[in-house]
Each structure stands twice: as C-alpha cells, then as structure tokens.
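Here is the structure we will look at, set down as structure tokens.
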Amino acid sequence: LHDWGQYENVKKEAIERIEQHRKGAVELQIVLPNGKVADSIPVKIELKRHDFLWGAVTSSRNFANSAYIDKYKEMYLKYFNAAGIENGLKPKRRSSAGEKSAEVAFDWFRKNNFYMRGHTLTWEGYNWSRPEDQRVYNDSTLSDSEKAEKIIESYSRHFHHAIPKWDVQCWDVSNEPIDNNSVNDLLPEQNTHAHWFKLADSVRKKHNKEDVLLFQNQYQIISGTSDHALTLTKEGYESVGRMALYAEMMDEQIAAGAKIEGIGFQSRLRAEWPLITPDVIYDRLCYFDRFDLPYHATEFELRDSAKAKYTEEQRRLLTEYMMVMYFSHPK
C-alpha cells in the first residue's frame, strides 16, 4: 500500500470534486441597528452540521445499557449526523428484547435530529429468517410454491410492522440479493426482490411516508478485492463480477416494477484481501452512475482476522482513501 504520493493526481481531482459538490457560496448582508448596511467588517462563520451524511452504526443493547453511554453520546454528537441500528430493526428481531432496546437508542437519535437508516425490511437468506419461516423451508410436505406463498405472507408482516413503527429516512428493502435468494429460488419465474420494493412502496404510501427512500443493499461491490468478488457469475445472468451482476439484478428488478431509490454499498474491508486503492474505489462508484440514484456506504469497517491484521498505517490510509473518494463523488 502506497501513500497518496503515488495517487497525487487522483487526490487532486478528488479535492476539485469536493470543492464543486460539497461546498457552496454564501453571500451575507449585515444590517446595523441604525439601518445602515455594514461594510468591510470581519465575519466568522462556523459549520454546525454537515449536509453530507457521516454516520455510525450502534448496537442498541450497548446503547441502552453501556456504562459509557455519556461518552458514547458525546462522540456521536461530535463526529456524526447519521446513524443506524445494527440488528434491532431486522425481521428476526421483531418483538424481541433487541427491538425494545433499539427503541431506547432510536428515541435519543431522533431527538438529536440524526438521519436514521432502516436496516432491513427483508433478508432472504435461510439463516436470517425467523424460526417459523425456517420451519416452512424445511417442511417436506409442501411444494416450493406452497412454501413461497407461506413465507411471502410471513415476510410481509415485517413491512406492515416496521415501516409505520420506525421514523427512518430510508430503508434497505432487499438486502444482499446476490447471495440471499431463498424465497426467489422457490419461484424461479418471479422476482421476489421486485415484489418487496413494490410492497414497501404501497405500505409507505398507506402510512403517508412517501419521503422515506427505498434502497437496494449489497456487499463487496466497491470494497471487494477477492477473486470471488471480481469473477462471480450467477445462473441466469450474463454478468461476470459482482459489480456487473449487482447492476444487472437492479435492472431486472426495475424492469419488474421495483421502485429502487438508492444504492447501498456495504464497504467492509478485510485484512486478508488484496489492498484496494483510491482510483479503484472511485471508478467502481462511477460504474453505477447510469442509475442516477443516491449512494450510501452502508457498512464501512476494517476487519482483522486470524489470517491477517492491518497495521495502523494501513488503517489510516484505507480509511482516508474511502472517505476522500466517497466524499468527492456527487451521488
């Protein structure tokens, strides 16, 4: 991994984009008590809150019970204007203790005017399903279409529960569709991911929440550097590689009536992967510009493993690469 010296032009171009997309002109006219307009006096302006979303996820249980909660809140207010709950809003946590503790965290964030992400309305993987849904998957007396009918009905309950309950600004509607298609696989002639978007749209309209954006969310698109991430193929699709496949799947969903209004890129990096560079990060973001949708980096993390650990210098540089490149992109 090389410092910015090797990417001097990349960083220069990024800073130029930041000047264009993340800043604006301000013109002040200061009128004195006597009615005269002040001229040539010093003025200090302090940015109190950024329009760009800088967020961090929280474990709702830690937020509700941590002995360090005051420090925790202080750090949120100092560094962030957006947040999300790690698990408490997921279908598997509905009516659980985790959802109850999420209510405590959520109440504080909303009182402090944080932008809140909703994660997630569906996650089609068997392992992420509720126990009653797993029992249906495993019921050998049911046909695939009968299983799908029961599971779709069950999954739909979370939409009617979560959308009116949580005061979020956006929802991850379909989570990780490349890798999690347990319901869709039961109905190969249909597109259940498109169905979830249509359902989310109808439920938000019912509850006068049309301003809540609907996101698709997937991992290892911008951050993926493994061979699997770059060469993945999927039966029924022409694409090679996760970026192309993610885009093709969204094309298919949109064609089927899905109202996708934002693209989520989980941005987790792992120490055993080849190191990603800033030019690659930005090029991958630009790959999805044709959708003309807002982007969210939904899960940025630098994760060590038993195989490899990041040095502090690698952590610093990779964090800066991600922040500068993401901050510079207009979407």
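The values are calculated or read from the model by the stated rules, or taken from the named source; none is laboratory data. Keep in mind that what you see is a predicted model, and the values were worked out from it rather than measured. To get the accessible areas, we keep the full protein, side chains included, count just its heavy atoms, and leave off ligands, DNA and RNA. Shrake-Rupley method; radii C 1.70, N 1.55, O 1.52, S 1.80 Å.
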Study note, to complete from the structure: As straight-line cross-link partners of Lys147, the qualifying lysines (C-alpha separation under 29 Å, not fewer than 8 residues apart within one chain) are Lys90, Lys92, Lys165, Lys198, Lys205, Lys206, Lys234, Lys259
**Study point:** Entry for P(r) over Cα pairs in 20 Å bins from 0, in percent (calculated from the structure that is shown) out of (i) 21, 46, 28, 4, 0; (ii) 17, 19, 18, 15, 12, 9, 6, 2, 1, 0; (iii) 27, 56, 16, 2, 0
**Key:** (iii)
Exercise for review: Calculate, for region 246-331, the solvent-accessible area per residue in square angstrom, rolling a 1.4 angstrom probe over the heavy atoms of the protein chains.
Suggested key: 45 Å²
Study note, to complete from the structure: If amide H atoms are modeled at 1.01 Å from N in the peptide plane, then the residues at a separation of 5 or more from Thr120, or on another chain, having amide H under 5 Å from its own are Lys90
Revision key, fill the gap. Rounded to a whole %, the carbon-and-sulfur portion of the accessible area of the chain at a 1.4 Å probe is 49 percent
Check your understanding: Over region 80-126, what is the mean sequence separation of C-alpha contacts under 8 Å (at least six apart), divided by residue count, expressed as relative contact order in percent?
Key -> 53 percent
Practice item. Name the shape class, rounded, prolate or oblate, that the alpha-carbon gyration tensor gives for region 157-220, where a ≥ b ≥ c are the square roots of its eigenvalues, rounded holds for a/c under 1.5, and otherwise prolate holds if a/b is larger than b/c and oblate otherwise. Key: prolate
Check your understanding: So in region 149-274, what percent of DSSP beta bridges are antiparallel if you round to the nearest 5?
Key -> 0 percent
Exercise for review: Report, in degrees rounded to the nearest 10, the 0 to 90 angle that the Cα long axis of helix 312-328 makes with the longest principal axis of the chain.
Suggested key: 90 degrees
Review point. If you take the square roots of the eigenvalues of the alpha-carbon gyration tensor of region 21-135 and sort them as a ≥ b ≥ c, do you get rounded (a/c under 1.5), prolate (a/b over b/c) or oblate?
Key: prolate
Revision key, fill the gap. Rounded to the nearest 500, the 222 nm mean residue ellipticity computed for the chain from DSSP H runs (n ≥ 4, each -39500 (n - 2.57)) alone is -13000 deg cm²/dmol
Point to revise | Residue-by-residue Karplus 3J(HN,Hα) for region 85-93, coefficients 6.51, -1.76, 1.60, Hz, glycine and proline x | key: 9, 4, 10, x, 9, 6, x, 5, 9
Check your understanding: Considering only protein heavy atoms, what per residue accessible area in square angstrom results for region 1-109 with a 1.4 angstrom probe?
Key -> 73 Å²
Revision key, fill the gap. Listed residues Glu313, Glu248, Glu103; largest mean-square fluctuation, Gaussian network over the chain with Cα springs below 10 Å, found at Glu313
Exercise for review: Consider just the alpha-carbon atoms of region 219-331 and return their Rg together with their Dmax, both in angstrom.
Suggested key: 14.8, 46
